[in-house]
Structure formats: C-alpha cells, structure tokens
Amino acid sequence: MQPRFEQFISEKQYLQNVTPATVDWYRHSLRWLCTESPTDADLKDVVFRMRERGLKPSGCNCIIRAINSFLHWNAMGLDVKCSPLCKHPRIMSMKEPTLVLPVYTAQQVKKLVGFRPKGFYERRMHLLVLTLLDTGCRIGEALCLHVGEVDLDNLLMTLDGKGGKQRKIPFSMELRKGLFRYTREFCPQTHMLVFGTRHGLKLDRHIVARDVRLFCERLRDALSLALKPFPRKHKSMETKPELPVARRGMFKSAKSRR
C-alpha cells in the first residue's frame, strides 16, 4: 500500500479512534485506487473496474464512501469536515434499487426453532441462529458475546455494537433455556466467549455469516421438500392390494390430513 494511504489509515486509527473493522474497510477499499493523487479519469476507471468485476451498486457505494473520505483528507485534512462546498475530486454515489428483502415465513422459522442439533458444532450454530432470531443483533455482536455479559436472571445481554457502543437487550425465556444448557456444558467460565471455538478463540464473522446462511437454506430446502404433496396413488400401493385394513386406514388418514 502506498505511503499516503498508510498515513491516512494511521491518522484515522490513532487520532479518530476508528475500530479495527473500519481499518480493514479502508484497506480493502483503497486497493481500488491506483495512485495517491487520482484524476477524474482515474476515479471513473475505479467505478468501471468495480462494475466489470460484478459488484452491485450497494457494494460500489460502500467502497466509494471510503475513497471519498481519503480524497477529502488528502486535500483538506482531518480538521475540516467534508461538505458539498469542498472542491476536491470525489466519486458520485450510484443509485441503488429499492428492493423488498426476502424473509422467512412463520413455518420456516418454526422449522429453525424446532431443529434438534447433535454435537458441539450443530448446537453452537443452532443457538447462534436462535439468538439472531430472538434478539435481532448482528452476527459480529453475537460472536463477541461473553458468558459474563449474559444475565440469565433478568433476561438481558450486553452487546458491543458498532463504534464500541454497548447496549443491553432483552431475550426470551426459551432462549434462556438454550443459553443455560449450552454455557453450562461448553463454556462455564464468565470470561469465555459464548460462540467461540472449542479452544475459546473468536470466530470470523464472514465465515460464520456464510455458515448461518447455508444452515438456514438447508433447513428451508428440507422444509420445502417436506411440504411437497405426495402423489395420489403410489405404485407400491397398486402392487400390494392385500394391505391390512388398519394400514390402509393409516394411509387414508394421512392423506386426508395433508
């Protein structure tokens, strides 16, 4: 990385006390700039390359915000707040489409809640999904949760949010049961992470976000398969007409229930 980029990140880190996640964001975004003093043509080329790589408008705007922050610092420094009156070069934000986010239905959520995990890894993943459903917290916030920050008596947990801001949020009695059983067996000490590794280390939020998505998709696909109607007449029922009356009754009752 070029010297001016490093100086910008250092001042942001030590003078404005940005979080490590913000530092990583700046490092990732500034890789798209090829020079420390870009021209308008260079800035347009950045957008062209991002779109050619298949980035969505929301992803491009995320990188554009970091680059514009560097461009303002490079021209004005940290003491002057950026405004529309600034004359330094900048990249215009892209128009983002307004989409309706897909959500799980009540039946799919019931399937997630009713899943019976086996072993440490499935139990950790299932409890994490239940925590996200119950509290609405971010995955990064849940992964930083320590056992001592979970108040089982008052049904409160303390989360470390974005920007180092803590907040207390409530959780349900059903989640308390899962937290109590899990922490008693796998992380009994107050300093241990609730959703850490077997050795007490912190998990990477990007990997866990992928695993949570795959876990939910697997259960959702299993639910969709379970909801598919059975054929009206199975071939095995045609070749075995001598089924007992009680067994034929079971098929009939099951079909009527469906």
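Miscellaneous remarks
- A66 vs. criteria in a helix (DSSP H, G or I) and exposed (fewer than 14 other Cβ atoms within 10 Å of the Cβ): no
- Of the numbered criteria (1) loosely packed, with under 12 Cβ neighbours inside 10 Å; (2) hydrophobic (A, V, I, L, M, F, W, C); (3) modelled with pLDDT under 50; (4) part of a loop (DSSP other than H, G, I, E, B), the one L201 fails is (3).
- The set of residues in the stretch 157-197 that are within 20 Å of G114 (Cα to Cα), surrounded by fewer than 18 Cβ atoms within 10 Å (Cβ to Cβ) and of a type in the set (S, T, N, Q) contains only S172.
- Pairs with Cβ under 6 Å, 6+ apart, first in the stretch 150-171 and within 15 Å of N17 (Cβ to Cβ), second in a strand (DSSP E or B) and among the polar types (S, T, N, Q): D160/Q166
- Filtered residues of the stretch 129-142 (kept if in a helix (DSSP H, G or I) and more than 13 Å from M157 (Cα to Cα)): V129, L130, L133, I139, G140
- Residue pairs whose Cβ atoms lie under 7 Å apart, separated by 6 or more positions or on different chains, with the first residue in the stretch 17-46 and on the phi < 0 side of the Ramachandran plot and the second among the β-branched types (V, I, T) and not in a helix (DSSP H, G or I), are D42/T35; L43/I91; V46/I91.
Matching residues to (1) assigned to a loop (DSSP other than H, G, I, E, B); (2) free of Cβ contacts under 8 Å to residues at least 60 places away in the same chain; (3) of a type in the set (K, R):
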position	(1), (2), (3)
C82	yes, yes, no
H88	yes, yes, no
S93	yes, yes, no
T98	yes, yes, no
L101	yes, yes, no
R116	yes, yes, yes
Y121	no, yes, no
L127	no, no, no
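- Leading residue by the ranking (surrounded by the most Cβ atoms within 10 Å (Cβ to Cβ)) among those in the stretch 71-103 that are hydroxyl-bearing (S, T, Y) and over 21 Å from F48 (Cα atoms): S83
- Any hit, the stretch 48-58, residues being of a type in the set (G, A, S), on the phi < 0 side of the Ramachandran plot and more than 26 Å from the chain's Cα centre (by Cα): no
The values are calculated or read from the model by the stated rules, or taken from the named source; none is laboratory data. Worth saying up front: this structure is predicted, and the values here are computed from it rather than measured. Here the Cβ is made from the backbone with ideal geometry for all residues, glycine too, and neighbour counts use every protein chain on show.
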